[in-house]
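The values are calculated or read from the model by the stated rules, or taken from the named source; none is laboratory data. Everything numeric in this text was worked out from a predicted model, so none of it was measured. Here the Cβ positions follow ideal geometry from the backbone for every residue, glycine too, while neighbour counts run over all protein chains shown.
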Amino acid sequence: MAKTKTIAVLAGDGIGPEVTAQARRVLEVLELDIAFEEAPVGGAAYLAAGHPLPPETLALAARADAILFGAVGDPRFDGLERALRPEQAILGLRKELGLFANLRPARLFPGLEDASALKPEVARQIDLMILRELTGDVYFGDKGRGFTHTGLREGHDLMRYDEVEVARIARVGFEMACRRKRVLHSVDKANVLETSQLWREVVNEVARDYPAVKLIHMYCDNAAMQLVRAPGQFDVIVTGNLFGDILSDQASMCAGSIGMLPSASIRAWTGENGLYEPIHGSAPDIAGQGKANPCAAILSSAMLLRHSLDLDAPALRIEAAVEAAIAGAARTPDLGGTLSTTAMGDAVLAAL
Ligand code: IPM
Ligand code: MG
């Protein structure tokens, strides 16, 4: 008999606990051989243990087969020094666990055409995968505050990538493109940034190993524009940490709601220690009110089963159940409906 798998549940702040609870319900109903272990993270962990990513939480994450993550961020802690802010928990987990490949699939579930910010006929084209590099770029470069020689306050964040970091995410992108439509868009800002120039060079070098994939380089500003003009041209988009952060939020609204987009953060093709989280944040404005859409968290749990536990069949079942619930007009407020978080969870469970 296979060994019981451990999932670390790090629910975090704001709506994180509410949506994660629904994802966990769905996983539990499937009666897989899974043990859940919870630990505090983000602002909740700062309150409980004085640090957004306490050593015990990191140790659990490192030991677990996979991590189900909610959200971090709490305006009460915005005044803290950067190292203690809730966001450092997710950045620390990504970095410490080496989760450099972030998969953010965006597709329009049939029935959500009206929720999309785009015209229905344009929205229907969206079915793409944003592959975001997650452990480098301006997120992790040198940062600082100081003064100019005339005494003005200044701040800086260094954007940098080395060739190994670019090559490994590019390779994941090409492999993914091979499994999908064999078109890969690499998004950068090579007309202005030296970092992007290197990115483009290295992506071109990796491309030689994938002659069957059509590679298209696109500047980030143009990609943002094309994403709302004609999203059907994209299938896999590979890009750096900052551009990927921005483009994935944009893609989510094109696909209906940010409440629908899951993500997986992995180390290329090993799902070990993979981290699964909705791409939305903690949404403090609606926290604790039962208004949050749990679909992104539920769909993240499907990605968890697929990538970290190698359980494709139940992952497909969960995805089909969300699709069926949506087709059956189940809608939380972000989708123009009135269902509570729990009621939306009920609708998905009923479809399961
Ligand atoms: C995301 C979030 C995070 C990021 C924040 C919470 C640090 O926006 O996962 O997209 O910027 O990566
Ligand atoms: Mg983001």
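From the list 19, 72, 29, the one residue that fits, being over 23 Å from residue 135 (Cβ atoms) and within 17 Å of the chain's Cα centre (by Cα), is 19. For the structure I just gave you, tell me whether residue 256 is buried (at least 22 other Cβ atoms within 10 Å of the Cβ) and near ligand 1 (Cβ under 10 Å from one of its atoms). Judged against the criteria, residue 256 is not a match.
Cβ separations smaller than 6 Å between residues 6+ apart or across chains give no pair from segment 301-319 residues that are not assigned by TED's automatic domain parsing to the domain that holds residue 8 to residues that are not aliphatic (A, V, I, L, M).
When the criteria are applied in full, residue 326 fails the requirement of being among the aliphatic types (A, V, I, L, M) and more than 15 Å from residue 111 (Cβ to Cβ). Do the conditions hold for residue 61, that is, is it in contact with a helix residue (DSSP H, G or I) (Cβ under 9 Å, 6 or more places away or on another chain) and away from ligand 1 (no atom under 13 Å from the Cβ)? So residue 61 fits the description; yes. Here is a check on your reading of the model: is residue 337 small (Gly, Ala, Ser) and closer than 26 Å to residue 41 by Cα? Criteria not met by residue 337. Can you pull out every residue in segment 293-331 that is polar (S, T, N, Q) and at positive phi? Hits for segment 293-331: nothing passes. Total residues in segment 259-292 satisfying the condition of being aliphatic (A, V, I, L, M), closer than 19 Å to residue 330 by Cβ and buried (at least 21 other Cβ atoms within 10 Å of the Cβ): the figure is 3.
Pairs are defined by a Cβ separation below 6 Å, a sequence spacing of at least 6 or placement on different chains, a first member in segment 134-145 that is within 15 Å of ligand 2 (Cβ to nearest atom), and a second member that is small (Gly, Ala, Ser); the pairs so defined are 134/265; 137/240. Going by the structure shown, is residue 64 modelled with pLDDT of 95 or more, among the aliphatic types (A, V, I, L, M) and at negative phi? The answer is yes for residue 64.
Can residue 241 be described as exposed (fewer than 14 other Cβ atoms within 10 Å of the Cβ) and of a type in the set (S, T, N, Q)? In short, no. Restricted to segment 80-138, and to residues there that are basic (Lys, Arg) and part of a loop (DSSP other than H, G, I, E, B), the residue that is farthest from residue 187 (Cα to Cα) is 85. Can you work out which of the residues in segment 289-320 that are part of a helix (DSSP H, G or I) and among the small types (Gly, Ala, Ser) is farthest from ligand 2 (Cβ to nearest atom)? Among residues in segment 289-320 that are part of a helix (DSSP H, G or I) and among the small types (Gly, Ala, Ser), the one farthest from ligand 2 (Cβ to nearest atom) is 313. Per this entry, residue 70 is not counted among residues that are touching a residue at least 60 places away in the same chain (Cβ under 8 Å), part of a loop (DSSP other than H, G, I, E, B), in contact with a strand residue (DSSP E or B) (Cβ under 8 Å, 6 or more places away or on another chain) and surrounded by 24 or more Cβ atoms within 10 Å (Cβ to Cβ).
Of the residues that make up segment 277-288, is at least one β-branched (Val, Ile, Thr), part of a loop (DSSP other than H, G, I, E, B) and within 16 Å of ligand 1 (Cβ to nearest atom)? Among the residues of segment 277-288, at least one is β-branched (Val, Ile, Thr), part of a loop (DSSP other than H, G, I, E, B) and within 16 Å of ligand 1 (Cβ to nearest atom), which makes the answer yes. Being more than 15 Å from ligand 2 (Cβ to nearest atom), touching a Leu at 6+ places or on another chain (Cβ under 6 Å), at pLDDT 95 or above and not in a loop (DSSP other than H, G, I, E, B) holds for only one residue in 206, 202, 238, and it is 238. Against the numbered list (1) in a helix (DSSP H, G or I); (2) touching a strand residue (DSSP E or B) at 6+ places or on another chain (Cβ under 6 Å); (3) buried (at least 22 other Cβ atoms within 10 Å of the Cβ), residue 227 comes up short only at (2).
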